[in-house]
1. Give the residue that is surrounded by the most Cβ atoms within 10 Å (Cβ to Cβ), with candidates limited to residues of the stretch 11-57 that are acidic (Asp, Glu) and more than 19 Å from the chain's Cα centre (by Cα).
2. Quick one: in the stretch 153-204, of everything that is of a type in the set (Val, Ile, Thr) and part of a loop (DSSP other than H, G, I, E, B), which residue is surrounded by the most Cβ atoms within 10 Å (Cβ to Cβ)?
3. If the requirement is being of a type in the set (Lys, Arg), under 21 Å from Arg157 (Cα atoms) and touching a residue at least 12 places away in the same chain (Cβ under 8 Å), which of these qualifies: Lys104, Lys136, Lys89?
4. Which is basic (Lys, Arg) and over 21 Å from the mean Cα position of the chain (by Cα), of Arg200, Arg157?
5. Could you figure out which of (1) under 17 Å from Leu9 (Cβ atoms); (2) at pLDDT 95 or above; (3) aliphatic (A, V, I, L, M) isn't true of Leu50?
6. Out of all the residues in the stretch 118-137, which are surrounded by fewer than 20 Cβ atoms within 10 Å (Cβ to Cβ) and closer than 24 Å to Ala82 by Cβ?
Amino acid sequence: MGYTTKCDLCRTINRFRSECLIEHTDNVAEECELRGWAKIINYPFTTVGLKGMSYLARNEQERNIIMLRETLSREEKNFTCAHELIHVKFHNNLHIATFQCFDKVRPNQNSILEWQANEGAAELLVPICEFLPIIKENLPSLKTWQDFENFDFGLARYFSTTKGVIKIRYEDLKYEIYQYLNGTPLENIEILSHKMQCSRGIQVESLNDVEDKLWQKEFGIYHIDIVAEDNHVQA
């Protein structure tokens, strides 16, 4: 996978899902083992902030290995495993033997490759084609901040990921969500990066903004609940 655009990355991940006949991603680790993509090891990392690692096979006699911090929740492990799977499947031609997944991208890491792994994992677990229709169907019933909270947790359970990933998805896909809510068919939605939106002067609210306004209405203070635990790099 080269240094692709957000749109190219989305298409690449969905092509991967289609070609591999992946219908459910509630247990990425199990998929990796069953399909021979990687051996999964739960490991007691002592390095602060280290959530997972992947070791890429050097030849056909070796196996790819994905290591996950054993103390992570099931949902955190699922996203971290998906993140490392993107490295294993799409970065195996870059002659990089090891990738590490921290709670925040480190200065010595390639921010573009980490963005691809984060954004790719998010699209694998929470694909636009499923995410947007669910939002459109349920948005009319989201009248209060608590409605949003319950909806966020429900989405996290449905997609087997964390609430933080859902909140980041709201932010990363705010323009795509805006288009779909305003009548653009899924197949015609323009997928643009944050930088491209800025260059075109596109400014739209995210569902996080809507939720925060409802919080302010109820409590009279500003509230923000975006948990950037996977440190999505805006590209």
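1. Glu33
2. Per the criteria, the residue is Thr161.
3. After applying the criteria, what remains is Lys136.
4. Arg200
5. (1)
6. Correct list: Pro127, Cys129, Glu130, Leu132, Pro133, Ile134, Ile135.
The values are calculated or read from the model by the stated rules, or taken from the named source; none is laboratory data. A quick note: this is a predicted structure, and the numbers were derived from the prediction, not measured. Heads up, the Cβs are rebuilt from the backbone with ideal geometry, glycines too, and the neighbour counts pull from every protein chain shown.
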